[in-house]
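The values are calculated or read from the model by the stated rules, or taken from the named source; none is laboratory data. Every value quoted in this text rests on a predicted model; they were computed, and no experiment measured them. All Cβ positions, glycine included, derive from the backbone under ideal geometry; neighbour counts span all protein chains shown.
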Number of protein chains: 2
Amino acid sequence: MDSKRYTDISEILTQYLEKKKMRKTEERFMILRCICSFPSHFDISELSQKLEEIKFHVSLATLYNTLDIFEDSHIVVRHQSIQSTLYELKILAETHQHLICTKCGAIRDLKNVSLKQNIENLKIPRFNAEYYALYIYGICSKCKYKLSRKKQI
Amino acid sequence: MDSKRYTDISEILTQYLEKKKMRKTEERFMILRCICSFPSHFDISELSQKLEEIKFHVSLATLYNTLDIFEDSHIVVRHQSIQSTLYELKILAETHQHLICTKCGAIRDLKNVSLKQNIENLKIPRFNAEYYALYIYGICSKCKYKLSRKKQI
DNA sequence: GTCAGTGCAAACTTTTTGCAACTAC
DNA sequence: GTAGTTGCAAAAAGTTTGCACTGAC
């Protein structure tokens with residue numbers, strides 16, 4: 001687990017909970033610690049599985065509830081994918097754009113710094129932008145390969 | 001209903017079905033005709049409702065199946081929103097730049113031509129880009145106004 | 001001690017599937 | 001005629017909710 005990252009982000013959570021007069025439960029911090037160990041996107045079932053692995057049982061209701069809190073406190077961002085909802089640490093999501101294959105649903109990250117700056121520097125009237133998500137849809141190389149083989153047969 | 005638009009798009013569907021050796025059923029063309037009458041995004045239940053209104057009953061299974069075909073033939077694009085899946089005619093979806101208020105959930109469209117061109121001209125290795133969606137999250141002017149009034153009280 | 005937070009299971013929503021009936025070709 | 005489509009209902013998958021118990025404050 002990335003303990004440096006966890007230390008920084010847990011401070012954000014602490015301040016958020018204090019500001020909202022919510023309780024600092026063991027579950028909330030353990031879930032956050034677990035999320036910090038994911039290198040990229042994850043869904044509820046992967047998170048639940050990882051928590052079971054370290055013998056820390058949390059109910060589904062609590063996971064959903066906690067991720068709503070993390071989303072509201074801008075610790076994670078939510079991506080709606082075809083199968084289920086994916087989450088990602090916001091600090092990771094800020095550095096990239098998403099490539100989504102419309103055949104298999106796989107998500108890849110694209111890092112284009114100038115595009116990132118272009119979007120962040122947009123002047124939008126009557127709107128306070130906080131963060132963004134760019135999804136580029138298409139066919140990944142694996143599926144393209146499969147499709148081209150199908151045609152040959 | 002926009003019959004000019006329907007005439008053009010039904011031609012795309014006809015060619016797609018012939019190419020794939022699939023049947024040109026009444027349902028498929030009536031669903032397309034109905035979709036052409038939506039000015040913007042719609043979901044399955046809105047589409048179903050609109051079809052009932054014109055006394056053309058179609059089962060849910062057929063609607064889902066048909067929209068998969070329309071997506072594959074690039075007639076519609078799919079947006080995963082929090083509540084349910086939204087669809088939109090691809091020709092309407094020229095601007096995929098959405099502003100989403102994190103307080104009230106309102107969606108506004110942003111038209112920034114240079115950003116659009118920037119994204120469309122991206123060179124992405126091992127990925128065939130087809131279309132994109134940019135979601136910028138933040139606070140809309142209405143909610144900002146409400147928040148500022150709250151603080152005064 | 002109090003009430004927000006949690007666990008569990010049931011409920012709910014959206015989407016998919018199996019199968020019989022139908023129809024475009 | 002036949003195989004692709006459709007309708008219907010049941011099933012599956014993901015998420016939310018109700019309620020009793022627990023523990024942070």
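Some values worked out for this structure:
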item: Verdict on B:SER114 being within 16 Å of DNA strand D (Cβ to nearest atom) and in a helix (DSSP H, G or I); result: no
item: Complete set of residues in the stretch B:58-79 that are within 15 Å of DNA strand D (Cβ to nearest atom) and within 14 Å of another protein chain (Cβ to nearest Cβ); result: B:TYR64, B:LEU67, B:ASP68, B:ILE69, B:PHE70, B:GLU71, B:ASP72, B:SER73, B:ILE75
item: The listed residue being within 11 Å of chain B (Cβ to nearest Cβ) and either modelled with pLDDT of 95 or more or within 11 Å of DNA strand D (Cβ to nearest atom) (or both), out of A:ILE124, A:ILE82; result: A:ILE82
item: Residue count for the stretch A:4-35, restricted to those that are within 17 Å of A:LEU47 (Cα to Cα) and touching a residue at least 60 places away in the same chain (Cβ under 8 Å); result: 0
item: Check on A:HIS41, in contact with a His (Cβ under 9 Å, 6 or more places away or on another chain), closer than 30 Å to B:ILE139 by Cβ and of a type outside the set (A, V, I, L, M, F, W, C); result: yes
item: Some residue of the stretch A:128-147 being in a loop (DSSP other than H, G, I, E, B) and farther than 22 Å from B:ASP68 by Cβ; result: no
item: Matching option when the condition is within 26 Å of B:GLN15 (Cβ to Cβ) and of a type in the set (Val, Ile, Thr), among B:ILE124, B:ILE44, B:ILE82, B:ILE139; result: B:ILE44
item: Only one of A:THR14, A:THR25 that is among the hydroxyl-bearing types (Ser, Thr, Tyr) and either within 14 Å of chain B (Cβ to nearest Cβ) or within 12 Å of DNA strand C (Cβ to nearest atom) (or both); result: A:THR25
item: The stretch A:85-111 - residue that is part of a loop (DSSP other than H, G, I, E, B) and of a type in the set (Val, Ile, Thr) and, of those, modelled with the lowest pLDDT; result: A:THR102
item: Hits in the stretch B:67-84 (condition: assigned to a loop (DSSP other than H, G, I, E, B) and of a type in the set (S, T, N, Q)); result: B:SER73, B:SER81, B:GLN83, B:SER84
item: Residues satisfying the stated conditions in the stretch A:105-146, i.e. in contact with a strand residue (DSSP E or B) (Cβ under 8 Å, 6 or more places away or on another chain) and of a type in the set (Gly, Ala, Ser); result: A:ALA106, A:ALA129, A:ALA133, A:GLY138, A:SER141
item: Condition met for A:ILE75 (more than 19 Å from A:ARG23 (Cβ to Cβ), within 16 Å of DNA strand C (Cβ to nearest atom) and in the same structural domain as A:CYS36 (by TED's automatic domain parsing)); result: no
item: Matching option when the condition is surrounded by fewer than 18 Cβ atoms within 10 Å (Cβ to Cβ), more than 11 Å from DNA strand C (Cβ to nearest atom) and within 14 Å of chain A (Cβ to nearest Cβ), among B:LYS55, B:LYS50, B:LYS20; result: B:LYS20
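This table checks each residue for (1) over 14 Å from the mean Cα position of the chain (by Cα); (2) assigned by TED's automatic domain parsing to the domain that holds A:GLN15; (3) surrounded by 12 or more Cβ atoms within 10 Å (Cβ to Cβ).
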site: A:THR62; (1), (2), (3): yes, yes, yes
site: A:LEU89; (1), (2), (3): no, yes, yes
site: A:HIS98; (1), (2), (3): no, no, yes
site: A:CYS104; (1), (2), (3): yes, no, yes
site: A:LYS111; (1), (2), (3): yes, no, no
site: A:LEU134; (1), (2), (3): no, no, yes
